[in-house]
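I have placed the structure first, in the form of structure tokens, so that the comments after it can refer back to it.
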Amino acid sequence: MDGRYIENNHSETLSPSLRRTYALGVVIGEDEEQHLLQILAHAAQYGCPLFSVERDGSILHADRTADGRMEIHQHTGAPVDETETARETLVELARTNGLDGLVVQTDPTERIDLDASFGALEAEDEFVVEARSETTKFNRVEAPVIVGIPAYNEERAVGTVVAEAKEYADVVVVVDDGSDDDTARRAAEAGAVVVEHTENRGYGAALRTLFREGHQRNASSLVVIDADGQHNPSDIRRLLRRQEECSADIIIGSRFTGTVTSDIPLYRRFGIWTINVLTNAGLGGFRKSSRISDTQSGFRAYGPRAIDSLAEDETLGSNMRASTDILFHARNRGFEIDEVGIRVRYDLENTYTENPVTHGYSVVNGVLRLIERDRPLTTLGVPGFVSAFAGLSLGYWSVFDYGQSGQFPVEAVLASLLLLLVGFVASVVAVVHQSLREADIR
């Protein structure tokens, strides 16, 4: 798995007094700076102060403010040559700040057990102890409910979304898709596990990372919501409840079902309607009972079967088209899809990372390609038959007209031949594609 982790521990076993007076100190070696956000999130969850010392002398001090946020201060000191010297610096910082004890972590790549570490600090009656490591890499909930949040330059809203989503999840995972702002830090401070893409790879790539995270963490459910605040995190509960009731593999938060309504701009409503029609046609959703009312909703809950299957699918598009790719993936594998009504906000500023026209063209183009791939007889065979039939009809009329008037209708004959040729080629291609598709399925 590429990307950097900012882990989060949901234990609340430490007493308030311990969280106020004991601190975590970490020594950051060369090429280990990427682990600092992970450790910061860990300390933020426990509410304990954090000190870090890097080899170049950079010192970070993070502590909770009265309103519960982590306040971070950084300054530069003298370069540190050895681990023991860095350890002494951490001890001095803890004493200077009036703390009663310090847990020192000298290997930032190792996930530590703060419960055991602070417990040892108290039991040994020492001012400083070495950190105790955890035996597992991820959260110890066996089948957690995970809320996954793809994020790109969402520093403004992501912290609030994470904080609200935590009420309904065992773990909140934010995929920072190459943001050049403070998205990762804000998400970590709010208590999320953050996986960072080193460059912007697109919405679909962020989803693929979330599916892999859900698979590796053995998630019972993965609920994906947007980071920009358009989705109401309290609706997570509605999707999870519906998933529990009907055991569907995918629950879609729909803007067009139930009594809940969203004030969708007219141009977006038309664009969504167009994509819905094309997508449902490609999925074979001609009956009302099998139709999906909101194929472009990014608010979805995935069950274990869907998570594991999608985690292995390398064909999902990297851009916004991935939402449609997932539906075709689900229908091809016989997954059950259901919907529940949600409300989406459209009164927020800067919620679009892609031009709506470009987005719409990309999605429509992707849907047409999927239909061509999955339903060649529908997309090529039927038009080919219609073209051939029109060519034959026009040819018959040309012969009849020639017999009546004695004048040879050159243009009509050429048009007839062209329609016959197009129809023949389309029909052959459709049959070949269908044969190849059936061979792949077998």
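The values are calculated or read from the model by the stated rules, or taken from the named source; none is laboratory data. Quick caveat, the model's predicted, so the values are computed rather than measured. Here the Cβ is made from the backbone with ideal geometry for all residues, glycine too, and neighbour counts use every protein chain on show. Each accessible area value is taken on the protein alone, full model and side chains, heavy atoms only, with ligands, DNA and RNA left out. Shrake-Rupley method; radii C 1.70, N 1.55, O 1.52, S 1.80 Å.
Details
- For R217, the accessible area of its heavy atoms, probed at 1.4 Å with every protein chain present, is near 20 square angstrom.
- Averaging the sequence gap over all C-alpha pairs within less than 8 Å and six or more residues apart, then dividing by the number of residues, gives region 241-328 a relative contact order of 37 percent.
- Region 189-292: GluC sites (Glu not before Pro) in DSSP coil with no more than 15 other Cβ atoms inside 10 Å: E199
- For region 195-275, the C-alpha radius of gyration sits at 1.29 times the compact-globule guess of 2.2 N^0.38 Å, with N the residue count.
- Solvent exposure of region 148-241 as accessible area per residue, Å², 1.4 Å probe: 32
- As a calculated quantity, the FRET efficiency between Q74 and V425 at R0 = 60 Å, using C-beta atoms, amounts to about 0.35.
- Short-range pairs are left out: with C-alpha atoms under 8 Å and at least six residues apart, the relative contact order of region 177-273 is 15 percent.
- Its relative contact order, with pairs defined as Cα atoms under 8 Å and 6+ residues apart, puts region 47-128 at 21 percent.
- With a 1.4 Å probe rolled over the protein heavy atoms of all chains, the accessible area of T279, T274 falls in the order T274, T279, largest first.
- Expected-Rg normalisation [2.2 N^0.38 Å, Cα atoms] applied to region 141-187: 1.15
- GluC sites (Glu not before Pro) within region 305-350, DSSP loop, no more than 11 other Cβ atoms inside 10 Å: E312, E314, E349
- Pair-distance profile P(r), taking every C-alpha pair of region 47-126, with 10 angstrom steps and integer %: 16, 47, 33, 4
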